[in-house]
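Below is one structure, written out as structure tokens; the observations come after it.
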Amino acid sequence: MNSKTNQNINIGVDTGKFQLDIYIRPLDIFFTVNNDEKGIKEAINLIKKHRPE
């Protein structure tokens, strides 16, 4: 559980051939990365900052 919100952090990923659309709930954060190795690493680093379970 994330202490900043006292709610579980959920990650939604919409996968496309060329991009990944990522939503972090309940923080209302949305971003898009390329669907390649570099983009996936970028997404993982951004997601880890919010400490999802």
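The values are calculated or read from the model by the stated rules, or taken from the named source; none is laboratory data. Everything quoted here is computed from the prediction, not taken from an experiment. All Cβ positions, even for glycine, are placed from backbone atoms using ideal geometry, and neighbour counts span all protein chains on display. Areas reflect the complete protein model, heavy atoms only, side chains present, ligands, DNA and RNA absent. Shrake-Rupley method; radii C 1.70, N 1.55, O 1.52, S 1.80 Å.
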Once both labels are modelled 7 Å past Cα along the beta-carbon direction, what's the GLU37-GLN19 spacing in nm? 2.3 nm
Degrees between helix 37-48 axis and first principal axis of the chain (Cα, 0 to 90, nearest 10): 10 degrees
Let me spell out the model: positive unit charges on the Cβ of Lys and Arg, negative unit charges on the Cβ of Asp and Glu, origin at the Cα centre of the chain. What dipole size does that give, in debye rounded to 20? 220 debye
Given just the C-alpha atoms of the chain, how large is their convex hull per residue in cubic angstrom? 61 Å³
Would you rank GLU42, GLU53 by solvent-accessible area, highest first, keeping every protein chain in place and using a 1.4 Å probe? GLU53, GLU42
Which far-off residues, 5 or more places away or on another chain, put their amide H under 5 Å from the one on GLN19, with H placed in the peptide plane? ASN35
